[in-house]
Each structure stands twice: as C-alpha cells, then as structure tokens.
Amino acid sequence: MKKIQQVLKECDIFLKVPEKLKITTNTTKLFSVISYIIIGLLVFSETYNFLNPQWVSHVDVDTVKAGVLPNMYINIDITFPKMKCDDFGLDVTEITGSLQLGVTDGIKFDNRLLGGCRMHGTMKVSRVSGEFHVAFGKISFRQGRLNQFITATQKHTQGHIHQFTIQEMKSFNPTHYINHLSFSNTLGSTVHSGETPLNGKEFTLNGFDNARKTYYINVIPTLFKYPSYTLRTYQLSVSERDIPVTYGASFAQPGVFFKYELSPYIVINEMNDHSFAHSLASVGAIVGGVLIIIGWLSKLFDSNRELVTSVVEME
C-alpha cells in the first residue's frame, strides 16, 4: 500500500505550495484581476454563441432534379375591394406551354367582403418559370379557323386572349391589397416565408381609366440546414411596373400580373451549431490559456522589475 502511495505521489502533477512560501505583490493582484475580467468576457461570449447559434450562408448551383421535386406551390391571399368574385378569374401560364384557365382548385373566392372579393388559398404549379394573372374579359382561343370562347371556370391548354368592350371594362378595377404571397415546396407551408417582399403591397387607380399592374418576381430556392434536418423553401425579390390604361384605339390589357422566374442558383443557410461538449471544451481552453499567458506576463514583469532594482542597488 505504501508503494502505491509513493508511486501516486511521484505522479502528482498538481503540486501544492505551502501558504507560508507564497508571495503576493501588487503586480500579481493586478494581473489576477485582469485575468478574471478577460475570462469572464470570453466565457460570456462562448455561452452566448452556444445559446444563439449563427447562420452561415453561401450560394451554389441548384442541382435538384425535376423528377425529385417536380412541383411547387404558390400561397396567395389578395383582396380586391372594388370587384366582386364573379367579375374576374385566375389564370396560370408556364414557360413549358402549360395553361390553367379559371383556376379554382385550392383557391377560395370569398364574397363576404362588402363590395369586394378576397382570393386566397394555394395552387399547384410546375417547378418552372411562369405567370399567373387576374385579367378582365371573355377568354378566347384559336381552334382551327374559328375563335372559340370559354368561361372563366373552364380549362384549356391553348394560348388565349381576353376580349371585352370598353363599356364592359369600366366594371373592372385592379385596385388590390396583397395580404400574403409566397412560394413553397409543400402544400400550405409558409415556413421561413412569413415576411415576403410582396406582403402588404397595395395598388390603387390614380385618376386613370384603368391600369395594368405587373409584379416581376425572382424566385430563389433556399435551403436551411439544421443539425437534425433540412428544409427547402424559396426567397423572393420583386420589382414592379405600372402601365396606365386610357381608353382609345389601342391600349394594354388591364389586370394584375405576377411574372415569376425560377433562379438556377440556391442559397444554402447552415446553422453553425456547437454541441455542449464542444462549448465546454472551449471554456476550458479559454480559462487555461488566459491563466498561462497572464502568468507569463506577470513573471516577465516581475523579472524586469527585479533586474532594475538590482542595477539601482549596485549603483
């Protein structure tokens, strides 16, 4: 047993200095206070970073295959205070040539708004660039040598135009307020898209007979990487154009148009999250490193002071 105690005593790296042999000076006290302050600040910073992980972002080419993610969803909530729901329809066209006229699937037209209409819901589209619009007029398409007409609730895959008379157009008023508009990869999901640039947008006629309002939307795929899962969504950047429509021999098609273009790049946001063990190791390194450096500085200062004192005594 004594041999074991002797071996342990020889292996002890935490040697104790008797109290009567310890020497304290004003210099060591000052450096000790400095050490406590530095350690406190660094430990606070490390604790804050652990409790509030930072996001690191970078841009890459979006390589997701169409077969893996063929569709996306457009979440809309728009109020038209000057039109009834029966006065207009919602059409969707895509760069591939696909066309949806009078979209009603997933979209609710609420007439309960006094004198107006609220259009809200989610519509499914292909994951390509396209356009959706609210425009006035009877929908016409070319079939053979004849112009055929369809109602706002019928669907067709041909190119189309909206036909109307000037008298009929006077009942169309594109004044609107966008409560919400976002893009998502899953039905009804608005995660990370709650505050989009289009939310709160408002348009009113200012002394013109009518107007064509166009929103140009750049749809940017975005990936959020959490420690345990990933989430795909979209960010939006928007520009606008207003074209006043004055009745005459020729004029632009009045309506509200949303032209969206899917970006080929993806923004990747990765959470810079540290585990508790990592943070604990960092705190230990901070304490040990500060004490060692301050200890060296204290010894260096004391050595220089002793050297100066010796020189003075010799003189």
Fill in: Hits in segment 58-90 (condition: surrounded by 11 or more Cβ atoms within 10 Å (Cβ to Cβ) and small (Gly, Ala, Ser))
GLY89
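For residues that are of a type in the set (A, V, I, L, M, F, W, C) and part of a loop (DSSP other than H, G, I, E, B), tally how many sit in segment 73-100.
Matching residues across segment 73-100 total 3.
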Fill in: Total residues in segment 241-282, condition farther than 23 Å from ASP87 by Cβ and at pLDDT 80 or above
13
Worksheet item: Taking VAL103 and the conditions (1) closer than 19 Å to PHE258 by Cα; (2) part of a strand (DSSP E or B), which numbered condition does it fall short on, given that it satisfies the others?
Response: (2)
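In segment 211-222, is there at least one residue being modelled with pLDDT of 90 or more, among the hydrophobic types (A, V, I, L, M, F, W, C) and more than 16 Å from ILE178 (Cα to Cα)?
yes
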Practice prompt. Could you check LYS155 against (1) loosely packed, with under 13 Cβ neighbours inside 10 Å; (2) at pLDDT below 50; (3) closer than 21 Å to PHE258 by Cβ and say which number it fails?
Written response: (1)
Worksheet item: Residue check: is PRO81 within 25 Å of the chain's Cα centre (by Cα) and either under 29 Å from PRO197 (Cβ atoms) or of a type in the set (S, T, N, Q) (or both)?
Response: no
Worksheet item: What number of residues in segment 33-82 are without any contact (Cβ under 8 Å) to a residue 24 or more places away in the chain and either in contact with a Ser or Thr (Cβ under 7 Å, 6 or more places away or on another chain) or more than 30 Å from TYR260 (Cβ to Cβ) (or both)?
Response: 10
Worksheet, complete the sentence: Residue count, segment 224-237, condition surrounded by fewer than 17 Cβ atoms within 10 Å (Cβ to Cβ) and at pLDDT below 90, comes to 7
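The values are calculated or read from the model by the stated rules, or taken from the named source; none is laboratory data. If you're wondering where the values come from, they're calculated on a predicted model, not measured in any experiment. Positions of Cβ are backbone-derived with ideal geometry, glycine not excepted, and every protein chain shown enters the neighbour counts.
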